[in-house]
Amino acid sequence: MRTGWNKYGQLGDETKVNKKNFVWVMGKVVAMAAGADHSVVLRRDGNVWAAGRNNYGQLGDGTNHARKGFVLITSSVENIAAGAFHSMVLK
């Protein structure tokens, strides 16, 4: 569940509306990482999803377009991490 500032869609709930209460976004999540304006989640099946600002390509989807909903990035991942403007996966 996520809450807070959502200007770039980093909460992944398909909106850009700030949330004062937690909202459910995705199930079967085993790890989460947050950058300055983006979020990355690792699901139990090894798939990585990302949402939010993407001005430096930090979502890893091959674009620089912000995503207000989670998009599938890659699979067969063991762990994730995020910095302010970058993301990393361990395969």
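Across LYS28, LYS16, LYS68, mean-square fluctuation computed from a Gaussian network of the chain (C-alpha pairs under 10 Å connected) peaks at LYS28. Note on the chain: dipole from Cβ charges, positive end direction compared against THR63, ALA84, GLY4; the farthest Cα belongs to GLY4.
Calculate what fraction, in whole %, of the accessible area of region 38-91 sits on carbon and sulfur atoms when a 1.4 Å probe is rolled over the protein chains. Spell out each step's value before the answer.
Details: 1380 of 2820 Å².
Roughly 49 percent, rounded to a whole number.
In the elastic network of the chain, a GNM with C-alpha springs shorter than 10 Å, the most mobile of GLY46, GLY62, GLY12 is GLY62.
Listed by chain and number, the lysines placed with their C-alpha closer than 29 angstrom to that of LYS91 are LYS28, LYS68; residues fewer than eight positions away on the same chain are left out.
With the other protein chains left in place, how much accessible area per residue, in square angstrom, belongs to the chain at a 1.4 angstrom probe? All intermediate terms of the calculation are to be shown ahead of the outcome.
On the way: 5230 Å² over 91 residues.
Each residue of the chain exposes 57 Å² on average to a 1.4 Å probe.
May I ask you to list the chymotrypsin sites (Phe, Trp or Tyr not before Pro) in region 17-91 that are in a DSSP loop and have at most 15 other Cβ atoms within 10 Å of their Cβ? Answer in residue order: TRP24, TYR56, PHE85. Residues considered: VAL41, VAL25, VAL71. Largest GNM mean-square fluctuation over the chain, using C-alpha springs under 10 Å, is found at VAL25. Available extension along the chain between LEU72 and LEU90 is 4.9 nm, counting 0.36 nm per residue and deducting the alpha carbon span.
Each of (1) 43, 27, 25; (2) 34, 27, 18; (3) 39, 35, 19 is a candidate for Cα extents along the principal axes in Å; the one calculated from this structure is (2). Note: relative contact order over the chain, using C-alpha pairs below 8 Å and six or more positions apart, is 27 percent.
Taking 7 Å steps out from each Cα toward its Cβ at ASN79 and MET32 produces label points 2.0 nm apart.
The values are calculated or read from the model by the stated rules, or taken from the named source; none is laboratory data. Values in this document were obtained by computation on a predicted structure and should not be read as measured data. Because the Cβ atoms are built from the backbone with ideal geometry, glycine has one as well, and the counts that use them run over all protein chains shown. Ligands, DNA and RNA are excluded from the accessible area calculation, which covers all protein heavy atoms including side chains. Shrake-Rupley method; radii C 1.70, N 1.55, O 1.52, S 1.80 Å.
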